[in-house]
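All remarks here apply to the structure that follows.
The values are calculated or read from the model by the stated rules, or taken from the named source; none is laboratory data. Bear in mind the structure is a predicted one, so any value in this text is a computation, not a measurement. Glycine gets a Cβ as well: all are built from the backbone with ideal geometry, and neighbour counts include every protein chain shown. Areas reflect the complete protein model, heavy atoms only, side chains present, ligands, DNA and RNA absent. Shrake-Rupley method; radii C 1.70, N 1.55, O 1.52, S 1.80 Å.
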Amino acid sequence: MKVAGLERELPMFRVNDKISIAAFIIFGDVELTVNSARELLKKVPEHDIMITAEAKSIPLIHEMARQEGSNDYVVARKKPKVYMSDVIEASVNSITTHGEQKLYLGKEDADKLTGKRVLIVDDVISTGESLSAIEALVERVGGNIVGKAAILAEGDAAARKDITYLEQLPLFDFDGNILK
């Protein structure tokens, strides 16, 4: 696959009996993270702060904040931490994780979003479940979502008009053929 001016081979993994996905993982790929952050920043609307879900998109949001000269971003956590007060939660069913998960924000992070123009950042948008959970958290604390951005839009997500992304990532059948 070519993304942000770079070529990458993506390993295939079976999600269920009908669908396989090409796994896009930016952990450890500094060049891809830097290039993707740069290209996404060219496309996203003005914002005051960014938020992502805890996991693979943390290097991306960190690099985007660094490149735009921001010293702050928010990560919705997968588990509440002892240092988080007044915790709020939202549920998510991700295509890449088995079972229901929850995302959490503590008061300190919630306050950073309140009344702000918020950009939601992800590495890959697929079903949109993670995105919906983050949207629910941001709306609950009074943030104004101005955009949703990802490096890749997978499957039907590429047809969405409410997201910004760099490249489309198709879904595959069990034999590795692109699903239409």
Can you find a residue that is modelled with pLDDT under 95 and of a type in the set (Lys, Arg) anywhere in the range 32-40? no
Odd one out for Val124 among (1) assigned to a helix (DSSP H, G or I); (2) open to solvent by less than 70 Å² (accessible area, probe 1.4 Å): (1)
In the range 33-87, anything under 24 Å from Leu105 (Cα atoms) and among the hydroxyl-bearing types (Ser, Thr, Tyr) is listed as Thr52, Ser57, Ser70, Tyr73, Tyr83, Ser85
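Yes/no per residue for (1) farther than 21 Å from Val15 by Cα; (2) out of contact with any Lys or Arg (no Cβ under 6 Å at 6 or more places or on another chain); (3) without any contact (Cβ under 8 Å) to a residue 40 or more places away in the chain:
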{"residue": "Met84", "(1), (2), (3)": "yes, yes, yes"}
{"residue": "Leu105", "(1), (2), (3)": "yes, yes, yes"}
{"residue": "Glu108", "(1), (2), (3)": "yes, yes, yes"}
{"residue": "Lys112", "(1), (2), (3)": "yes, yes, no"}
{"residue": "Val121", "(1), (2), (3)": "yes, yes, no"}
{"residue": "Glu129", "(1), (2), (3)": "no, yes, yes"}
{"residue": "Leu171", "(1), (2), (3)": "no, yes, no"}
What pairs can you find where one residue is in the range 9-21 and part of a loop (DSSP other than H, G, I, E, B), the other is open to solvent by 100 Å² or more (accessible area, probe 1.4 Å), and their Cβ atoms are less than 9 Å apart, with a gap of 6+ or different chains? Asp17/Phe174; Lys18/Phe174; Ile19/Phe174
Cβ pairs under 7 Å, 6+ apart, first in the range 45-63 and open to solvent by 30 Å² or more (accessible area, probe 1.4 Å), second among the polar types (S, T, N, Q) and not in a helix (DSSP H, G or I): Ile58/Thr52
Within the range 12-41, the residues that are open to solvent by 50 Å² or more (accessible area, probe 1.4 Å) and farther than 16 Å from Asp123 by Cα are Met12, Phe13, Arg14, Asn16, Asp17, Lys18
From the list Val118, Val138, which one is open to solvent by less than 50 Å² (accessible area, probe 1.4 Å), within 14 Å of Ile51 (Cα to Cα) and in a helix (DSSP H, G or I)? Val138
Filter the range 155-180 for residues that are among the small types (Gly, Ala, Ser) and within 23 Å of Pro45 (Cβ to Cβ); the one that is surrounded by the fewest Cβ atoms within 10 Å (Cβ to Cβ) is Ala159
